[in-house]
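A.B. asks: The structure that follows is given in the form of structure tokens.
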Amino acid sequence: MRAFMFWIGTFCLCCTQGTLIADEETYLLFKKEKIGNAIFESASVFDVNKDGYLDIVSGEFWYEGPELEKSHRITYLEPIDDYYDNFSDFPMDVNGDGYLDVVTGGWWGKTLRWRENPGKEEKNWVTHDVEEVGNIERCLFCDLDNSGIPEVIPITKPVLIFKLKFTENGKPAGGFEKIVIETEGGGGHGIGCGDVDGDGSIDLVFSGGWLKSPQNPYDTKGWKWFPEFNLGSASVPILVFDVNEDGLNDLIVGSAHDYGLFWYEQRKDGEAKREWVKHDIDKFRSQYHDIQLHDIDNDGKLELVTGKRYRAHAFHDPGSKDPLGVYYFKITNGKFERYTIDYGPADRASGVGIYFWVEDIDKNGWKDIVAPGKEGLYLFRNYGLIPK
């Protein structure tokens, strides 16, 4: 229903719409599918109804796998100006019933929420308010204590950590414990997590600096603020990653509301004083709001996967009316090489919204990209490397 015959060079991909991405020896093939016209900016992938197939969840609907053609209503969201108050769709079994629920929140409602998966029943999901925390640009989901279950960290000041509650027998209890970090730092546009200083603990990164984690991340007074940089209107997330393979973790940052994609090299002098050196990745594209690291080409190394968010602030941000795009960047010893998966105007191409998802949805061994946004919901099926 969504496909046609498409030729690139001498290669014919019958009954699909596709784009071939070339490197020196092979082609990486993606099939582009428009799943729906809904303009929600977040999406995730998980098995909603426990039938063994992965589904797509985005805003008011979930799309049933494996065909992804049948949609089911989750809820009704009130449109507010150019937005819906739903800035993430993170899967988590909050109440311990064995079905994955959705954790979300938004700018306008100012409230962290979770939507309860009704299981096999065909009915709307009940929305539970966790707490009003202020405008939520987006939440960060980060496993601070290495428990296997991420904590929920909205971008707020003071810094708040919401940890899933458990019963005495170890099952999720249907709520969250709030931990307030006592520090002068945090907040602003942009958040990330990772081991900044190499001590084995997961730190938090914000636009204006980073918070060093104590050994116990729930020690509210043990976090230490280092205002070592100013990243501006930074992406969500900010990525902590050793870009140049020198043993020091660097930062990868998108300009969420302006032009630019950058990495900040961590350096230390002889006295172990830390400094950050800014490097360009892409100066000519705007609104890199969500950026992620995945092995998209199965070479055993992580690539940077990202794209343009469409109409982040209507058409008021620099570059808002530029063509959209979905990209991945191969990273080699501090160098980034861009590969274009999709590119063009909003009536024909996709960006990646505010919260996209990368998952092997068809279980063929290659990670696919689910790209929501105000231009619609798209799936880029990854068919892997096609030899020349």
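A.B. asks: Expressed as a rounded percentage, what relative contact order does segment 289-378 have, with Cα pairs under 8 Å and six or more residues apart?
C.D. replies: Numbers: 191 pairs, mean separation 23.0, N = 90.
The normalised contact order for segment 289-378 reaches 26 percent.
A.B. asks: May I ask you to evaluate 6.51 cos²θ - 1.76 cosθ + 1.60, the Karplus curve with θ = phi - 60°, for each residue of segment 207-212 and list the ³J(HN,Hα) values in order in whole Hz, giving x for glycine and proline?
C.D. replies: 4, x, x, 9, 9, 6
A.B. asks: Count neighbours as other Cβ atoms within 10 Å of each site's Cβ, and list the trypsin sites (Lys or Arg not before Pro) in segment 94-202 that are DSSP loop with at most 14 such neighbours. Provide the component values of the computation, followed by the final result.
C.D. replies: Details: sites: Lys110, Arg113, Arg115, Lys120, Lys123, Arg138, Lys163, Lys165, Lys178; in loops: Lys110, Lys120, Lys123, Arg138.
Counting only loop positions with at most 14 other Cβ atoms within 10 Å, the trypsin sites (Lys or Arg not before Pro) in segment 94-202 are Lys120, Lys123.
A.B. asks: Given H placed on each backbone N at 1.01 Å, which residues far from Asp242 in sequence or on other chains put an amide H within less than 5 Å of it?
C.D. replies: Under 5 Å from the amide H of Asp242: Asp250.
A.B. asks: On the full set of protein chains, 1.4 Å probe, figure out the accessible area of Val126 and give it in Å² to the nearest 10.
C.D. replies: Val126 has an accessible surface of roughly 80 Å² with all protein chains in place.
A.B. asks: Follow-up question, since we're still on this one. Which residue fluctuates the most in the chain, going by a Gaussian network model with Cα springs under 10 Å, if the choices are Phe336, Phe166, Phe315?
C.D. replies: Largest GNM mean-square fluctuation: Phe315.
A.B. asks: Shifting gears a bit: Given a 1.4 Å probe, how much area per residue of the chain is accessible, in Å²?
C.D. replies: 43
A.B. asks: A further question follows. Given Lys70/Lys123; Lys110/Lys321; Lys50/Lys363, which pairs have Cα atoms separated by over 21 Å?
C.D. replies: Over 21 Å apart, Cα to Cα: Lys110/Lys321.
A.B. asks: A follow-up question, please. What is the percent carbon and sulfur in the accessible area of segment 285-364, measuring with a 1.4 Å probe over the protein chains and ignoring ligands?
C.D. replies: Exposed carbon and sulfur together represent 48 percent of the surface.
A.B. asks: Taking amide H positions as placed in the peptide plane 1.01 Å from N, state which residues far from Val196 in sequence (5 or more) or on other chains have amide H under 5 Å from it.
C.D. replies: Long-range HN contacts for Val196: Asp203.
A.B. asks: If r is the Cβ-Cβ distance from Asn244 to Phe284 and R0 is 30 Å, what FRET efficiency results, to the nearest 0.05?
C.D. replies: The pair Asn244/Phe284 has a calculated efficiency of 0.85.
A.B. asks: Further question: Tell me, what is the 1.4 Å probe accessible area of His279, in Å² to the nearest 10?
C.D. replies: Roll a 1.4 Å probe over it and His279 shows about 50 Å².
A.B. asks: Could you compute the net charge surrounding Val352? Neighbours are other residues with a C-beta less than 11 Å from the C-beta of Val352; K and R count +1, D and E count -1.
C.D. replies: -2
A.B. asks: Would you mind classifying the chain by shape? Square roots of the alpha carbon gyration tensor eigenvalues, ordered a ≥ b ≥ c; an a/c under 1.5 is rounded, otherwise it is prolate if a/b is larger than b/c and oblate if not.
C.D. replies: Judged from the Cα gyration tensor, the chain comes out oblate (a/c at least 1.5, b/c at or above a/b).
A.B. asks: Another one. What percent do you get for the relative contact order of the chain when only Cα pairs under 8 Å and 6+ apart count? If you can, show how the numbers build up before the last one.
C.D. replies: On the way: 1087 pairs, mean separation 56.4, N = 388.
Across the chain, relative contact order equals 15 percent.
A.B. asks: Would you please state the base-10 log of I(q)/I(0) at q = 0.15 1/Å for segment 53-96, with intensities from the Debye formula using one equal scatterer on every alpha carbon?
C.D. replies: Log10 I(q)/I(0), no solvent term: -0.47.
The values are calculated or read from the model by the stated rules, or taken from the named source; none is laboratory data. Treat the numbers as computed from the prediction; the structure is a model and nothing was measured. Because the Cβ atoms are built from the backbone with ideal geometry, glycine has one as well, and the counts that use them run over all protein chains shown. Ligands, DNA and RNA are excluded from the accessible area calculation, which covers all protein heavy atoms including side chains. Shrake-Rupley method; radii C 1.70, N 1.55, O 1.52, S 1.80 Å.
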